[in-house]
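Everything on this sheet refers to the single structure shown next.
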């Protein structure tokens, strides 16, 4: 039973990684920031749902730490 769950989980993540690759998240021409990294991670976790029309995205509003005055 554990082997079947492991195989299913691996297949799920492989399909998600394939979808992320098709969307161009692994290319060198993409800007590296919070949004693109989070979108790639969500796409991988969504797995086969990507092929059913799910397009997970994240809105990042993270700012770098500011020095104290």
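Within the range 25-58, the set of residues being over 13 Å from the mean Cα position of the chain (by Cα) and either within 14 Å of residue 12 (Cα to Cα) or at pLDDT 80 or above (or both) comprises 51, 52, 53.
Of everything in the range 31-58 that is touching a helix residue (DSSP H, G or I) at 6+ places or on another chain (Cβ under 7 Å) and assigned to a loop (DSSP other than H, G, I, E, B), the residue that is surrounded by the most Cβ atoms within 10 Å (Cβ to Cβ) is 56.
Within the range 1-30, residues that are in a helix (DSSP H, G or I) reach no partner that is exposed (fewer than 10 other Cβ atoms within 10 Å of the Cβ) with beta carbons closer than 7 Å at six or more positions or on different chains.
The values are calculated or read from the model by the stated rules, or taken from the named source; none is laboratory data. In this text the structure is predicted, and so the values were computed from the model without any measurement. Note that we place each Cβ from the backbone using ideal geometry, even for glycine, and neighbour counts take in every protein chain shown.
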